[in-house]
Every structure is written in C-alpha cells, then in structure tokens.
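Report on the structure given below.
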Amino acid sequence: MSNSQPATIEDVARLAEVSIATVSRAIHTPEKVAKSTRQRVNQAIAITGYTTNAMARSLRMGRSNMILVLAPDIGDPNFSSILIGLENEARAHGYGVLIGHTQNDPERGLEYLKFLNSGQAAGLLLFTGHQPFGHQVLTTRLPPSVAVFEPVFGSSIPYVGVDDTAGARKAAEYLLASGHRSIAFVGDSKTRLGHVRRRKGYDLALDAARIPQAQRMVLDGEGSIESGRLAVEQLFMRDTLPTAFMCVNDATAVGVINGLSARGYDLPRDFSVIGFDDVPQATFLNPPLTTIRQPRTAIGKQAMELLLETLAKPLTEKREILILPDLIVRGSVTAPGKR
C-alpha cells in the first residue's frame, strides 16, 4: 500500500482476514464481536493507520456522531490523559470528538453554545466547572451532557471525576501520620465545587485527629502557582506558620514550594508540602512532590461511557461517578523539623 494513499476499511479487512462488515462491527459495536477477532481488527487498524471519519458518517446518517468537549485550558496537564480515555471509548462506539477551547472567554463560549444548538454535536462533555456561557437562554436545547474533572456547581448535570473528598482526606491523614499537627490548607473556594470537596476532606481528617478549629489555617486560592506563592506571603505576614502545607492541587504546591524556597527554606526539612493531581512535572520538582494521583484515563473512559449511556437512554436523576485516587509518596513530606 502506498504511503501517499490513506488506508481504507478494505485494507483493514484484508490484513485482519475478516469481512468489511466485521471490521465495521468491531469499530462501532465491539461488544458484538469476538475478542480474538476484535484484537485482529485493532492490530490491523494500528498497522494500516486507518481512521474512521465520524463526521462523514454523521452526514450520511442524518444525525451527529460527534461529541463536543469544552475545556477552559487544553494545556492543563490533566486534560490530555483524560482525553485519551474518553476518545478511545468514543471511537470504540463510532463517535468522533471535537475539542472546544473556551479559555474562559464568554464570546468563545457563546460560539460553542450556538454550535451545540445547531444540532452538530450529539453530546457535550464539560471540563469548565460551569455550563456554557449564555446557557440561561438556550439551555433547554443543549444535548445530553456530562461534567468531567470539575463538577458543575448548582447543576443537575451528571459528573465523573476523582473522589476529591476521599483523596484530600488521604493527603491530610498522611501529613498527620508523619507527625504534623499544624497543617495549612491552601486553595479554599466558595464557588469551585472540587475545591470545596477537598477542603471537606482536610476537615474530616483533622476532625478525626481532634485538631481544634483554632489551630487550622485555611487560605483562599484559585488553584494557580501564583495563588500558592501568595498564600506563603500571607502566612509570613501573619507571623503564624504551619509545619505542613496541604495544597488543593499541584500547581498551588509549586507556588508554595517556590515561595518557601525564595525565602531560603530547605524543604522538606523546614516545611512539608503535599499536592493533588500528580501532574507530570511533580516528579521533577525539588523536592519531588508527594501528591494524590488522579486516575485520569479511567475518568475519561467512564465519562464517555456515561454520556453514551445517556444518549441511548436519558437519565432520570443526577448521577455521580467518583473514582478513588492513590497517594504517591515522593520527597516533599517528612516529620516536622525544628526551626
């Protein structure tokens, strides 16, 4: 086969030694095809580089086979791994994925909302933590939707993501088990539900350890590197320092580490820091960051499964699928030091 010619379904069928109809079933309804046959077809697809054209199928069939993913920041380290899980699941069922990068821009959001209301997308996956801008006017015409990674505050939209409360409690319990009793929580928020749930996990762990409220330090933050650095400055201005920082995410932890290092502190001898997410950069920090790992690929897969289930049969009540995260121990937490 010439490298200049795109692979066809006939090429896949020939290499897998099955019929074209079997290839089609293996792609669109894999549950109806024997596992050994699916494996041969998938191997042939990988070798030939064959790709299905979901948009073309949509035009032929008179209905959309495209799923729109709205994300505020496609550069977020969590996004790519979640995207792998959801795109693989979509492709296995004959759907394509379109990515809408909103950049938290209302005008961009409105453009994507108009696209949704034109019927060009069968379903919507929201990474934004809120409904599309302008939804108050057009919300009744939105397709079936699922929130991913960040739950939509005050909404009945089903959600698939990490169990924020359980993960944050695990992080706080690890700090407590390391001997810390003065633990600052950095990243509190009244509007971001994921942050609210992580704060809850922090409080549950400290409640169980009988740490009084007066001894707890809670600082606001939107989850950025800068918010972590500012939290450090606030605590130094108060002249009330913890022995450990529990950060709402890894970006915040980077800011905390930068802020402490700039003041000449040695981590983790002087302060311990724990994050949440386990972004790829976490292992390259100094010290390497102890954190909570999000099961990103599994989140993407289950989010798409739930959306496809909703497309087949609308949900009658709000559903949440929460996946337990893992504690990843590296070098940023140790027993409290003497300063």
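Taking each residue of the stretch 229-248 that is assigned by TED's automatic domain parsing to the domain that holds Ser189 and looking for partners that are part of a loop (DSSP other than H, G, I, E, B) and surrounded by fewer than 21 Cβ atoms within 10 Å (Cβ to Cβ) with beta-carbon atoms closer than 6 Å, six or more apart or interchain, yields Leu235/Leu241; Pro242/Ser182; Thr243/Ser182; Thr243/Pro336.
Conditions tested, residue by residue: (1) closer than 19 Å to Asp220 by Cβ; (2) at pLDDT 95 or above; (3) of a type in the set (Gly, Ala, Ser).
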site	(1), (2), (3)
Leu241	yes, no, no
Phe245	yes, yes, no
Leu260	yes, yes, no
Gly264	no, yes, yes
Ser272	no, yes, yes
Gly275	yes, yes, yes
Val279	no, no, no
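For the condition crowded, with 17+ Cβ neighbours inside 10 Å and closer than 17 Å to Val148 by Cβ, Glu305 qualifies.
Does Thr165 count as among the polar types (S, T, N, Q), at negative phi and in a loop (DSSP other than H, G, I, E, B)? Criteria not met by Thr165. If you go through the stretch 193-234 and pick out every residue that is over 20 Å from Val279 (Cα atoms), in a helix (DSSP H, G or I) and either of a type in the set (Phe, Trp, Tyr) or in contact with a helix residue (DSSP H, G or I) (Cβ under 6 Å, 6 or more places away or on another chain) (or both), you end up with 6. On the stretch given as the stretch 265-288, residues that are closer than 19 Å to Ser80 by Cβ and assigned to a loop (DSSP other than H, G, I, E, B) total 4. When Thr310 is tested against (1) of a type in the set (Ser, Thr, Tyr); (2) over 22 Å from Gly85 (Cα atoms); (3) touching a Pro at 6+ places or on another chain (Cβ under 7 Å), just one condition goes unmet, and that condition is (2). A count restricted to the stretch 75-119 and to residues that are in contact with a strand residue (DSSP E or B) (Cβ under 8 Å, 6 or more places away or on another chain), closer than 18 Å to Leu142 by Cα and in a helix (DSSP H, G or I) stands at 5.
The values are calculated or read from the model by the stated rules, or taken from the named source; none is laboratory data. The structure displayed is predicted, hence computed values, not measured ones. We place every Cβ from the backbone using ideal geometry, glycine too, and count neighbours over all the protein chains shown.
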